[in-house]
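Reading through the structure tokens given below for one structure.
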Amino acid sequence: MSVSNDDKDVQRGRRSTPHLSSPASGLRPRTVSLRLRLFAFAAVAMTLVIAERTVSLIRLHTDNLAAAEGRVMDLAERSISRYRQTIAVTQAVLLTLASDRNVIAVAETGPPSIAPDDPSGPPGSSACTTLTPVSEAFAEIDSLTVVTPDGIARCSTVPGAVGLDISSRSYIQIALRGIANIESVRRSLVTDKPAIYAAQPILAQNGGGVIAVIVGRVSIAELFPNGTFAELGPGAQAMVVGPDGTLLTAYPEGTYGMGLDLSHTVPVAKAMMYTRGTVLAAGPDGVQRVYAYARLPGTNMHLLVGLDQGLVFGPAERAAWDAGLTMLAIGLAVLIGLAVIGERLVVAPIHALADSLVRFGHGDAGALQTQVLVTELQPLAVAFEAMAHELSVRETALRNANRHLNSLASLDALTGIPNRRSFDAVLPLQWNSAPQLALLMIDIDSFKLYNDHYGHKEGDRCIRLVAQALATTLRGSDVIARIGGEEFAVLMPDADIGTAADVADRLRRAVEGLAIPHATAAGLVTISVGAAACHPAPSLSPSELFVAADQALYAAKRAGRNVVRRADTVALDGAVRIIEDDRPGGGTDAGG
């Protein structure tokens with residue numbers, strides 16, 4: 001029996017119905033298993049839950065860090081308050097003794113010969129016999145000493161101190177100029193350990209000036225009792241360091257050797273750069289801690305208090321493990337639920353719908369009466385895709401912000417101060433925000449000769465010492481950066497050219513005061529400084545300020561080094577008039 005062409009076409013059409021595509025088109029539709037879609041849906045849902053838990057953990061981490069920073073900073077503030085009280089008591093005692101008639105009489109008349117069996121003072125010296133009970137009555141004072149204008153210890157509560165020449169100590173030199181002061185020393189001539197001294201000038205009764213100095217060695221144990229820091233718990237650490245990073249005392253006792261140079265450690269270097277703040281960094285023992293640091297009032301000494309990172313972030317880490325285990329259990333439950341429940345509630349109805357469509361294609365008009373709400377999955381999938389896209393956008397923005405912050409916070413590896421990248425980032429920010437801006441360009445004089453003579457290791461040490469001296473001498477609002485091998489730059493917001501020149505000369509004297517030997521130059525390592533200042537305006541740019549300060553630096557070099565030169569103006573054409581600094585030593589060759 002023959003079959004017509006129409007019948008053949010109908011048969012071909014019925015056979016192709018399940019494929020939902022025309023054979024003539026040559027295209028096969030993309031097919032994805034519904035089970036795979038359900039698993040994908042579960043994965044998206046799990047991702048959102050995990051993201052929410054991650055955000056919670058990050059918030060917990062941040063809150064714990066903020067609480068730890070507040071705790072150590074509070075303890076640092078209380079320790080500084082104790083320091084103020086102890087220093088106030090010491091200064092009051094010294095001031096009282098300085099006005100005591102017996103002390104003044106001995107200082108004016110000079111001591112008689114010292115008896116061999118009485119090291120605390122000469123026989124009949126009422127001043128020296130007065131010192132011992134005073135020292136014993138005040139726990140804040142370890143010893144008292146009267147020093148003559150030539151720097152010789154006349155009498156003391158410490159036997160070994162009598163006759164010592166301490167004229168080279170700066171606290172003696174300052175007190176002989178009539179100024180009471182406090183200073184830390186790397187090594188006491190009496191105890192051979194780091195110490196803190198308070199010096200009070202003794203004035204003649206007739207107003208003739210300073211006739212002697214009374215010196216008190218402050219009790220470090222009373223300044224910072226160990227019980228103060230014990231509340232931080234195990235792993236805590238507290239340190240007091242001098243202006244050069246020398247360790248004066250530490251908690252727990254015996255942690256490090258007194259007098260140890262800690263200037264290379266991150267917390268100490270940070271403390272020496274800024275007046276106060278917090279930092280998360282490894283301590284000298286390599287343990288990560290949350291440190292609070294603050295400069296002790298009236299000195300260049302710094303207090304650092306650290307809390308063990310493990311105690312701070314321990315709860316967050318335990319919460320992370322608990323959350324991970326919880327997510328694993330939930331994930332397994334979801335997968336099992338999808339395999340069991342999804343098969344019966346979703347997959348089976350969709351298969352039934354597919355069978356209905358096939359039967360409808362074969363001509364069964366009642367096959368579509370089966371009600372399966374499969375289309376509800378599409379809006380849900382679209383919603384999850386939108387949420388996933390939003391999370392991706394936020395994550396990308398967060399990563400970009402983190403990269404930007406990391407680039408701004410980069411430090412110079414050798415000195416611990418900001419590097420050229422940080423300087424280039426801060427300069428336009430200061431330019432756009434400060435009503436007046438000054439710039440200092442600093443260069444170590446004859447450094448190539450120093451490096452060639454002493455070697456690169458000593459050269460690196462020289463750069464570190466100079467950087468520390470510069471950082472500790474600057475104002476709190478100034479920003480210092482190492483921009484080259486031996487070149488430094490200082491940004492001074494709200495500073496005019498006079499202020500910049502004053503600070504520049506202090507920096508020059510601070511480096512000169514380091515007394516670093518320089519055999520191939522004038523004997524000591526020195527710096528030359530160029531200063532420039534302007535009011536940022538649309539007609540100018542930071543480059544003109546940089547050029548003016550740089551020209552002033554070259555003028556200082558041509559003037560013989562170890563001098564300060566300042567630019568009179570900042571101009572677009574780079575034409576700058578250089579002014580000599582009229583301070584003593586600021587405009588002449590000082591041997592650099």
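The values are calculated or read from the model by the stated rules, or taken from the named source; none is laboratory data. In this text the structure is predicted, and so the values were computed from the model without any measurement. As a convention, Cβ positions derive from the backbone with ideal geometry for all residues, glycine included, and neighbour counts pool all protein chains shown. These accessible areas exclude ligands, DNA and RNA; they are computed on the full protein's heavy atoms, side chains included. Shrake-Rupley method; radii C 1.70, N 1.55, O 1.52, S 1.80 Å.
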(message) Going by Cα centres, the stretch 453-526 and the stretch 255-281 are how many Å apart?
(response) 19
(message) Taking the solvent-accessible surface of protein heavy atoms with a 1.4 Å probe, what is the per residue accessible area of the stretch 422-500 in Å²?
(response) 38
(request) Please pull out the direction-averaged projected area of the stretch 177-331, using the convex hull of its alpha-carbon atoms, in nm² to one decimal place. (result) 12.1
(message) Please compute the modelled spin-label separation between T62 and S539, points set 7 Å along Cα→Cβ, answer in nm with one decimal.
(response) 4.6
(request) Could you check how much of the accessible area of the stretch 266-327 is carbon and sulfur, as a whole percent, using a 1.4 Å probe? (result) 57
(request) Please work out the FRET efficiency for the pair R506 and W321, using the Cβ-Cβ distance as r and a Förster radius of 56 Å; give the result to the nearest 0.05. (result) 0.55
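Over the stretch 136-240, with every protein chain in place, what whole percent of the accessible area is carbon and sulfur at 1.4 Å, could you tell me?
Using a 1.4 Å probe with all protein chains present, the stretch 136-240 comes out at 51 percent carbon and sulfur.
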(message) Heavy atoms of the protein only, probe of 1.4 Å, neighbouring chains included. What is the accessible area of R506 in Å², nearest 10?
(response) 90
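Compute the FRET efficiency between R558 and R187 as 1/(1 + (r/R0)^6), taking r as their Cβ-Cβ distance and R0 = 35 Å, and round to the nearest 0.05.
Approximately 0.25, to the nearest 0.05.
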(message) Can you tell me the length gained on complete extension of the stretch R344 to Q173, counting 0.36 nm per residue apart and subtracting the Cα distance?
(response) 52.2 nm
(message) Please compute the modelled spin-label separation between S410 and E458, points set 7 Å along Cα→Cβ, answer in nm with one decimal.
(response) 3.2
(request) Mind checking the full-extension length gain between T228 and D424? Use 0.36 nm per residue of separation minus the Cα-Cα distance, one decimal, nm. (result) 66.3 nm
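Counting only protein heavy atoms and using a 1.4 Å probe, what share of the accessible area of the stretch 483-525 belongs to carbon plus sulfur, as a whole percent?
Accessible surface attributable to carbon and sulfur in the stretch 483-525 totals 49 percent.
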(request) Sticking with the crude label model, points 7 Å out along Cα→Cβ, report the distance from S477 to A42 in nm, one decimal please. (result) 6.2
(message) Please compute the length gained on full extension between A137 and V49, using 0.36 nm multiplied by the number of residues separating them and subtracting their Cα-Cα distance.
(response) 25.0 nm
(request) May I ask you to give the solvent-accessible area per residue for the stretch 212-331, in square angstrom, as obtained with a 1.4 angstrom probe? (result) 38
